[in-house]
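Every number in this text was worked out from the coordinates using simple rules, so none of it is lab data. Note that the coordinates shown come from a computational prediction; the quantities given were computed from them, not determined experimentally. Glycine also receives a Cβ, built like all others from the backbone with ideal geometry; neighbour counts cover every protein chain displayed.
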Protein chains: 2
Amino acid sequence: MRSILALVGAIALAGPAAADYRVKEIGSFHVGGEVVELSGLDKQMISFTKGMKPIEVDPNGNFNVGQMYVQYVKLAEPTGLPVLMWHGGGLTGVTWETKPDGDPGWQQFFLEAGHDVYVSDAVERGRSSWARYPEIYDGPPLFRTMKEGWHLFRIGPQDGWDIDPAKRVAMDGTQFPLEAYNQFTKQSVPRWVSNDVRTQAAYNALVEKVCPCIVVVHSQGGNFGYNAALANPDLVKALVAIEPSGAPKAEEADASRVANVPHLMVWGDYMDMKPWPTFQAASRAWADAIEGAGGTVTWMPLPEEGLTGNSHMLMMDKNSDAVAAKIEEWIKANVTKD
Amino acid sequence: MRSILALVGAIALAGPAAADYRVKEIGSFHVGGEVVELSGLDKQMISFTKGMKPIEVDPNGNFNVGQMYVQYVKLAEPTGLPVLMWHGGGLTGVTWETKPDGDPGWQQFFLEAGHDVYVSDAVERGRSSWARYPEIYDGPPLFRTMKEGWHLFRIGPQDGWDIDPAKRVAMDGTQFPLEAYNQFTKQSVPRWVSNDVRTQAAYNALVEKVCPCIVVVHSQGGNFGYNAALANPDLVKALVAIEPSGAPKAEEADASRVANVPHLMVWGDYMDMKPWPTFQAASRAWADAIEGAGGTVTWMPLPEEGLTGNSHMLMMDKNSDAVAAKIEEWIKANVTKD
């Protein structure tokens with residue numbers, strides 16, 4: 001019976017791609033964070049617009065730290081649970097909004113599938129803003145090179161990068177739109193590695209504000225998603241982890257807390273490339289712990305589903321809507337709207 | 001005849017507030033920018049997810065600089081020209097997406113009025129990302145204190161700020177939702193004052209990509225908007241400048257180039273507060289130059305329209321939809337869809 005329902009879901013999904021949808025409201029908010037105070041810094045004279053008189057600026061005072069930006073699109077008549085989409089490291093919610101080749105992103109896909117969609121920027125990134133260092137953050141951020149994304153995201157082999165697009169070596173059969181790689185790298189933002197506690201707090205606050213919901217996470221967002229489900233297992237009705245780069249450890253977290261939260265773990269192709277076996281092993285161990293506690297985990301390597309050539313940025317790959325359809329099919333089979 | 005049309009427009013606008021609208025596509029893109037190369041920086045060992053093995057990171061390589069993030073919402077059946085919304089200093093496109101009291105922002109208003117809407121983040125801010133300093137940008141950014149916004153945005157007098165909301169002094173009759181001021185300050189992002197050339201280039205590239213259109217600008221965005229109209233007077237069909245903080249100088253720019261671009265300049269209340277008389281004088285001089293060249297400028301101090309108490313953040317004030325209705329009325333009277 002489940003397989004028939006899933007088939008019906010897949011057929012229904014072929015329709016919406018060219019359709020429009022009725023929106024009740026588009027808006028955004030910032031959630032979480034705290035107010036801090038700085039003192040003892042020197043005053044400055046600044047001209048804010050070219051040619052205009054300088055104004056004295058006192059850098060001391062109160063600032064917001066740790067707030068997170070969330071944009072929502074609410075449908076006039078949603079048919080499923082809201083979907084929260086959490087991006088990976090060095091990126092923002094743009095991950096879900098667009099594909100670098102110009103096609104609409106997964107935000108559009110899940111709207112067309114009948115979900116309200118909440119796309120956020122992790123703390124310190126994008127519209128969430130960031131805080132002064134070393135006064136508030138420990139030190140400077142990391143900036144991802146164009147080269148690093150090429151192999152880390154399994155678009156090409158370790159030594160496949162060249163600044164000249166004609167000289168780049170890609171993975172055989174890759175689904176990533178290679179001609180749009182430079183455009184994709186424009187989405188990169190600086191990142192710190194010292195803000196995990198602030199980021200988790202903001203994600204948890206988001207869940208408590210807008211759920212029950214389905215949480216869809218990617219890469220670095222994976223560990224935040226696993227922990228958000230542990231923090232609020234009654235509000236996170238399903239977790240879709242797309243190539244999570246980390247996971248809770250069974251000896252530190254109680255997997256039985258999420259025994260009633262269906263987990264889907266999705267993996268692309270070329271998973272033997274470093275550091276992906278390590279990342280995947282962390283999620284496999286967490287999946288084992290959840291299953292050991294009586295929970296449900298669907299482990300979905302895409303090649304086993306007949307989808308090959310997927311990079312780490314599989315929501316941007318040329319077959320990405322087929323991947324999204326697999327996820328929506330799983331949602332329909334595993335999650336009911338309360 | 002024009003006044004009757006305007007009245008019809010105003011009545012029509014009373015309707016959409018509770019309605020939904022049909023969306024064809026929501027998405028985003030980055031426009032403009034260039035690739036730069038850094039070399040000679042030391043390598044680092046970084047653990048990207050708590051508990052995971054550190055990975056060597058080489059900070060040298062190629063990076064994008066000067067790209068700008070643009071999100072669009074395209075209606076199924078737009079009835080007017082697209083509206084591009086450019087925010088002010090120390091903020092992002094969030095300015096247009098929401099009001100800090102939780103009401104929908106002007107993005108929603110102009111969608112309901114029948115325009116496709118493009119909301120961007122200026123170069124270096126929000127989802128546009130920012131670049132390493134001092135290697136690429138000249139030096140560190142400025143961070144706006146919570147206190148500075150209170151008087152600079154004319155929410156309260158120069159000495160009206162206190163970290164304790166109960167002790168804050170506001171302007172008599174202010175329309176700003178005072179209880180939401182802290183929430184508003186979560187929208188602040190760091191800013192540089194050295195990126196005007198990059199920012200203007202990206203705005204011009206955006207106009208060339210998506211216009212003909214109407215450009216709506218706020219505060220620091222004002223000068224970029226004036227100059228975007230000068231650069232592409234055939235594509236910018238109207239410029240709506242909301243409290244612009246700067247303007248081209250008549251002796252440096254040829255106002256006759258924008259003689260066919262209707263300009264609306266909107267001002268809130270309490271305009272005698274520093275530094276607003278200086279900022280307003282710059283736009284008044286540019287308005288005189290446009291009018292002297294045979295162009296059309298509508299100079300609109302809101303108190304003369306019966307709207308009092310508006311802060312600099314007038315798109316967030318309690319009467320902000322009435323302000324937006326004035327702008328939409330002006331658009332209907334002055335701009336035709338080609």
Per the helix-only calculation at 222 nm, which mean residue ellipticity applies to chain A, given -39500 (n - 2.57) for every DSSP H run of n ≥ 4 and division by its residues, nearest 500 deg cm²/dmol? -8500 deg cm²/dmol
Once amide hydrogens are built 1.01 Å from N within the peptide plane, the residues lying 5 or more places from A:Gly114 or on another chain with amide H under 5 Å from its amide H are none
When chain B is modelled as a GNM with alpha-carbon springs shorter than 10 Å, which of B:Ala170, B:Ala259, B:Ala76 fluctuates the most? B:Ala76
Sequence-distant or interchain residues sharing an amide H contact under 5 Å with A:Ile55, placed H: which? A:Ile46, A:Ser47, A:Phe48
Inside 10 Å of the C-beta atoms of B:36-42, what's the mean count of C-beta atoms belonging to other chains? 1
The simple spin-label model distance between A:Thr298 and B:Ile46, using points 7 Å out along Cα→Cβ, in nm, is 3.4 nm
If amide H atoms are modeled at 1.01 Å from N in the peptide plane, then the residues at a separation of 5 or more from A:Leu84, or on another chain, having amide H under 5 Å from its own are A:Tyr118, A:Ile214, A:Val215, A:Val216
Kindly write out, for segment B:109-119 in residue order, the coupling ³J(HN,Hα) from the Karplus curve 6.51 cos²θ - 1.76 cosθ + 1.60 (θ = phi - 60°), rounded to whole Hz, with x marking Gly and Pro. 4, 6, 5, 4, 7, x, 9, 4, 10, 10, 10
Likely footprinting exposure, B:Glu112, B:Glu179, B:Glu328, fewest C-beta neighbours within 10 Å first: B:Glu179, B:Glu112, B:Glu328
Which one, B:Ile46, B:Ile290, B:Ile214, has the greatest fluctuation when you compute a Gaussian network model over chain B with C-alpha springs under 10 angstrom? B:Ile46
Find out how many positive minus negative residues lie around B:Gln67, taking Lys and Arg as positive, Asp and Glu as negative, among other residues whose Cβ is under 13 Å from that of B:Gln67. +2
Along principal axes, largest first, the alpha-carbon spread of chain B in whole Å comes out as 71, 50, 46
Within segment A:147-186, whose backbone N sits under 13 Å from a point 7 Å along Cα→Cβ of B:Glu135? A:147-148
Projected-area mean, segment A:202-273, by convex hull of Cα positions, square nanometres: 5.0 nm²
Calculate the FRET efficiency for A:Leu38 and A:Arg284 from the Cβ-Cβ distance with a Förster distance of 41 Å, rounded to the nearest 0.05. 0.40
Say the dipole of chain B comes from +1 at the beta carbon of Lys and Arg and -1 at that of Asp and Glu; which of B:Thr95, B:Leu264, B:Val73 then lies farthest toward its positive end? B:Val73
Express the relative contact order of segment B:114-238 as a whole percentage, based on alpha carbon pairs under 8 Å and six or more residues apart in sequence. 21 percent
Which of the peptides B:306-314, B:215-223, A:21-29 is most tightly packed, and how do the rest follow, judged by the mean count of other Cβ atoms within 10 Å per residue? B:215-223, B:306-314, A:21-29
The alpha-carbon center of segment A:311-338 and that of segment A:152-225 are separated, in whole Å, by 17 Å
Taking every other residue with Cβ under 11 Å from the Cβ of B:Val297 and scoring Lys and Arg +1, Asp and Glu -1, one gets -1
Using a 7 Å offset from Cα along Cα-Cβ at B:Asp20, what residues in segment A:70-110 end up with backbone N under 11 Å from the label point? A:74-80
When DSSP assigns beta bridges and you keep just the ones with both residues in the protein assembly as shown, what percent turn out antiparallel, to the nearest 5? 55 percent
Which whole-number percentage describes the relative contact order of segment A:184-271, with Cα contacts under 8 Å and a sequence gap of 6 or more? 26 percent
Label points 7 Å out from Cα along the Cβ direction at B:Glu252 and B:Asn319: separation in nm? 3.5 nm
Cut-off is 10 Å between beta-carbons; in what order do A:Trp161, A:Trp286, A:Trp276 appear when sorted fewest neighbours first? A:Trp276, A:Trp161, A:Trp286
Can you compute 3J(HN,Hα) from phi for each residue in segment A:55-60, using the Karplus curve 6.51 cos²θ - 1.76 cosθ + 1.60 with θ = phi - 60°, rounded to whole Hz and x for Gly and Pro? 10, 6, 10, 9, x, 7
Taking only Cα atoms of the protein assembly as shown, radius of gyration then Dmax in Å: 24.9, 79
Which whole-Hz ³J(HN,Hα) couplings does segment B:224-229 yield from phi under the Karplus relation 6.51 cos²θ - 1.76 cosθ + 1.60, θ = phi - 60°, glycine and proline marked x? 5, x, 4, 6, 5, 5
Between A:Asp103 and B:Val197, the two model label points (7 Å from Cα along the beta-carbon direction) sit apart by a distance in nm of 3.9 nm
Per residue of B:60-66, how many C-beta atoms from partner chains lie within 10 Å of its own C-beta, taken as a mean? 5
Please report the net charge: other residues with Cβ closer than 11 Å to the Cβ of A:Trp267, K and R +1, D and E -1. -2
